[in-house]
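See below for the structure under consideration.
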């Protein structure tokens, strides 16, 4: 974090040293006013972050020395406030080599457990999240210019940061403290406030390509941004595009791990117990000619890795614009708008599923006489892979439309800002190659689909039982807001100030699946329809009290009323103490909350293919004890249900820390933070339920959820999972930030920035798991910059600590190096950037808790990624 400015120059604290921002107004014969900027304050790079910050350009005529920072809605002269805020400038974003906001946020040390990214075949394969402190993306609030980003309708509980075009971003402010008292629900884990470009003149064109060492995954990017200023106002318009190619499982640089799904061609009892392979080993190995069906452990199995993709092909296109016009000395109007389109293509292996085989049919008679006798009078199911019908291909098309208009000015000494915003996020999904179970069963019973030779079936027969699935989702959000701030009275350390605000928001959500999927008759399809709406009314206030010249207190509170479940009140108090000119201490304590999401309240029951680790199931699946001792994962039938009785979860949070400017060029920022969440809204996983069922967890299975096993063998036939208010989450940690700059005659300027996060404790219901698989205790980034003449060289070291145990697997410390060289060419305004992410080509360890080979949230398999960018400014 560069507190002094976005270029990494370290001066003494900004207190009293910020150059002023001002407006020079010149009145012509009309309504319009001329204006021009004075010298831009270094504090502008740290400005904005509340109700006034939603505007296209900050109002500064009333108090030129004051700016806003994320976490407060009162402008103040000192940018080092009472809350821990990390500011990432445009320069830092570009030096990171990241193409998208999502790419950059995956490298942030505060994302303790990583962030979800597009995965092929997932119902969220075009979605990217921000997950601070490992608390989940629904507990991390994402803002754009101080206003919350609408949730993505294909997940329904979190913002998709792929909807934020990198070309439009000026900087990113990350508040690593709870902020429900300022912003409302979802801000338990922290706040990511993306500040968009506003004060921009001229134009910039950019083109770039990225090529990873893995086959596939190539990326292309391009953007154009134009800004202008005149005697009537200023505006900015832009467009951007980027896309990334698909990566197939068979091309993974980790090597191909043969899929071992027993959904291939086997008979099972009605309780899920294995009977025998259809036709035995000879039939299994002759089903197709590409060896994806194979015989192992007495079962016919299918190698899904030969056809499925790991990462989806993704594309993003956007256009955006914003502007402001002056009306008179006290008033101005602003407008912000954007249109974003996200597309994806993913592939899953062919449909797996159970098909009922009735006694007396030709398919029943394919069982051995002993199996027929043992199962006489009971239902038998065929666990089959419909590979002859083709792969499951999913294409998605998401579109976001966002428009905001408002006015800001002065009324009776109050700085006021009010306006409205309309956001519509649409998501369409088409799935091909799925199977209607009843029609497939009819074809099997009629003998038209021979399970001894499925690839010999007539194409018309295959077309007769395959189907195309559809999904149409919308998140429609409308909000009205008004705020007012003013100075109150003099105190020992300055002038007290107050903020008052009110908001009204309507959220309407629908996620509609095709009727066959809703009816549960489509094999290989997951998810079901959901929908609902709510109204949220909120009142907020903040009081800044400069008690003495060295001690400042901020008291804030917010009341929110939800039309569907009730209301919440969140207070907070923060202290800022400056005992010396180069030392600032801070402390905060507050309450927070997260409201239940609309999908959790309204979703219809939906199928889910869940992965679990369970010894009973492993042994019942026909494996040896030695194999089961290795804790392999298995895919089982899951059912996800909603819970309309959910209430909000509550959080208690405090943070303690400070900033010490040891020298004008060396600064250290240290923060201890503590978060405790009660009445947790838990999406109880299949693995958690299985652990409770087999006794490895002493907690009971919540009402309505269940694990069903074959009573004779322990084979899991179904897990019913969903959300409930249950238990307690605790997170405790330490963040350290250190910045150093040194300069030598003839050698240029050197800048070093270290951001390190240590997880002291992570627990659920008193059971700690910090350091376990997927929950590393340590993450860090060390960025080194060397500026010499027209060249800027950046070397970044990224560190993810060891994690895991013998229960799932152990992953050692993971270190990668990024290198970039930027050259301002002799051609005016033209620069060339060359670089490599993961210069050493380090790959993640092949350890995973699901069917993929590694932890997708924390690591990637791109290996070395060379990139080049050409930029022209004019």
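Coordinate-derived values only; no laboratory data. These numbers come from a predicted model, not from an experiment. Please note: Cβ atoms are built from the backbone with ideal geometry, for glycine as well, and neighbour counts cover all protein chains shown.
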Just report the Cα centroid separation between the stretch 185-238 and the stretch 723-756, whole Å.
24 Å
Estimated inter-spin distance, residue 821 and residue 788, nm [label 7 Å along Cα→Cβ]:
1.1 nm
Need the full-extension length gain, residue 373 to residue 201, defined as separation in residues times 0.36 nm minus the C-alpha distance. One decimal, nm.
53.6 nm
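Given N residues in the stretch 259-400, what is Rg(Cα) / (2.2 N^0.38 Å)? Each step should come with its number before you reach the end.
On the way: Rg = 26.5 Å, N = 142, 2.2 N^0.38 = 14.5 Å.
Ratio of Cα Rg to 2.2 N^0.38 Å: 1.83.
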Output the Kirkwood hydrodynamic radius of the stretch 179-279, Cα pairs only, in Å rounded to one decimal.
20.4 Å
Size-normalised alpha-carbon gyration radius of the stretch 567-611, reference 2.2 N^0.38 Å:
2.28
Euclidean distance between Cα centres, the stretch 507-582 to the stretch 128-146, Å
11 Å
Which translational diffusion coefficient, to the nearest whole µm²/s, is obtained for the stretch 321-362 from the Stokes-Einstein equation, given a Kirkwood hydrodynamic radius over C-alpha pairs, 4 °C and 1.567 mPa s?
74 µm²/s
Here P(r) for the stretch 666-730, Cα-Cα distances in 10 Å bins, as whole percents, is 18, 39, 19, 11, 8, 4, 1
Just need the relative contact order of the stretch 466-598 here, percent rounded to a whole number, with Cα pairs under 8 Å and 6+ apart.
19 percent
Return the FRET efficiency for the residue pair residue 627, residue 765: r is the Cβ-Cβ distance, R0 is 25 Å, and the value is rounded to the nearest 0.05.
0.20
Please report, in Å, the Rg and the Dmax of the stretch 568-718, where both are computed over Cα atoms only.
23.9, 74
Given 10 Å bins starting at zero, what is the percent of C-alpha pairs of the stretch 98-235 in each, up to the one with the largest pair distance?
11, 36, 32, 18, 3, 0
Given the Cα-Cα distance of residue 683 and residue 401 and 0.36 nm per residue of separation, how much length would full extension add, in nm?
98.5 nm
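Calculate, in nm to one decimal, what residue 551 and residue 411 gain on full extension: separation in residues at 0.36 nm each, minus their alpha carbon distance. Walk me through the numbers on the way to the answer.
Numbers: separation 140, 0.36 × 140 = 50.40 nm, distance 3.03 nm.
Full-extension gain reported as 47.4 nm.
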Convert 37 °C to kelvin, take the viscosity as 0.692 mPa s, use the Kirkwood radius over C-alpha pairs of the stretch 371-441 as Rh, and evaluate the Stokes-Einstein diffusion coefficient in µm²/s, rounded to a whole number.
174 µm²/s
Pairs of Cα atoms under 8 Å, at least six residues apart: use those to get the relative contact order of the stretch 399-463, whole percent.
23 percent
Return, for the Cα atoms of the stretch 830-874, the radius of gyration and Dmax in Å, separated by a comma.
15.7, 50
May I ask you to derive the FRET efficiency for residue 581 and residue 696 from their Cβ-Cβ distance with R0 = 51 Å, giving the value to the nearest 0.05?
0.35
Report the relative contact order of the stretch 82-183, percent, no decimals, based on alpha-carbon pairs under 8 angstrom and at least 6 residues apart.
34 percent
What distance in nm lies between label points placed 7 Å from Cα along the C-beta direction at residue 452 and residue 502?
7.8 nm
For the stretch 234-315, what is the convex hull volume of the alpha-carbon atoms per residue, in Å³?
164 Å³
Placing one equal point scatterer on each C-alpha of the stretch 485-591 and summing with Debye, one gets log10 I(q)/I(0) at q = 0.12, 0.19, 0.24 Å⁻¹ equal to -0.64, -0.99, -1.19
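First obtain the Kirkwood hydrodynamic radius of the chain from its Cα pairs, then insert it into the Stokes-Einstein equation at 4 °C and 1.567 mPa s, and state the resulting D in µm² per second as a whole number.
45 µm²/s
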To the nearest whole percent, what portion of all C-alpha pairs in the stretch 73-145 is separated by more than 19 angstrom?
48 percent
Relative to a virtual label point 7 Å from the Cα of residue 290 in the Cα→beta-carbon direction, which members of the stretch 382-397 show backbone nitrogen distances below 14 Å?
386-393
In Å, descending, principal axis extents of the Cα set of the stretch 209-265
74, 27, 12
Inverting the mean 1/r over all pairs of different Cα atoms, compute the Kirkwood radius of the stretch 291-370 and quote it in Å.
19.5 Å
For the stretch 318-393 and the stretch 802-853, what is the separation of their Cα centres, given in Å?
31 Å
